[in-house]
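Some notes on the structure that comes next.
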């Protein structure tokens, strides 16, 4: 029944020369791009890497503060998802675009469990996905926001999904904390973004 509705709608749109689209998101099994990293800063030296679990946080001196940056490879689709998610089974359902709903990018004092004041405790902050900037300090008070992936961030995912192969992205967080006031003894960084894959197939106009 579900398939017949989708086919009927697609044919109706194709008849008008339009692209039939279907959205594949968290409701259909697409996982969020999220993570949490706690960095101990009680005795760190800016310019030296900090190991936090399986994540290495790189640091460098930036002006009168210190920059902390790290990357994580996060899976978007596994091989079995192309079988388990019905909307991904169709060989002609190619990626039209990929949207990312950025829900969270927070910086918390791990000792007090209080969020850092963005105006005084955070100089700058960025979240990138496969090289595309998707959130920065100025936008953190207005989340969630929807970003459409483009360029290399889109091309790499699109090629994998169109070929029905496992797909992942590199998430990168960069934050600069000022030297004064001093950074917290433990910094907790949390981020959460939800991808949505919009599929479609274009057919010739029917006269």
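Does residue 59 satisfy the criteria of being at pLDDT 95 or above and more than 22 Å from residue 152 (Cβ to Cβ)? Taking the combined requirement at face value, the residue satisfies it.
Of all the residues in region 13-36, those that are more than 13 Å from the chain's Cα centre (by Cα) and either crowded, with 17+ Cβ neighbours inside 10 Å or at pLDDT below 90 (or both) number 11. Those residues that are under 16 Å from the mean Cα position of the chain (by Cα), closer than 17 Å to residue 39 by Cβ and surrounded by 22 or more Cβ atoms within 10 Å (Cβ to Cβ), I need them from region 164-186; list them, please. Across region 164-186, the qualifying residue is only 173. From the list 161, 189, 197, the one residue that fits, being surrounded by 16 or more Cβ atoms within 10 Å (Cβ to Cβ), in a strand (DSSP E or B) and over 13 Å from the mean Cα position of the chain (by Cα), is 189. Listed here are the strands (runs of 3 or more DSSP E) enclosed by region 52-151 that have at least 3 residues being more than 14 Å from the chain's Cα centre (by Cα): 55-62, 65-77, 94-109.
The values are calculated or read from the model by the stated rules, or taken from the named source; none is laboratory data. Model, not experiment: these values are computed from the prediction. Neighbour counts are summed over all protein chains in view; Cβ atoms, including those assigned to glycine, are modelled from backbone coordinates with ideal geometry.
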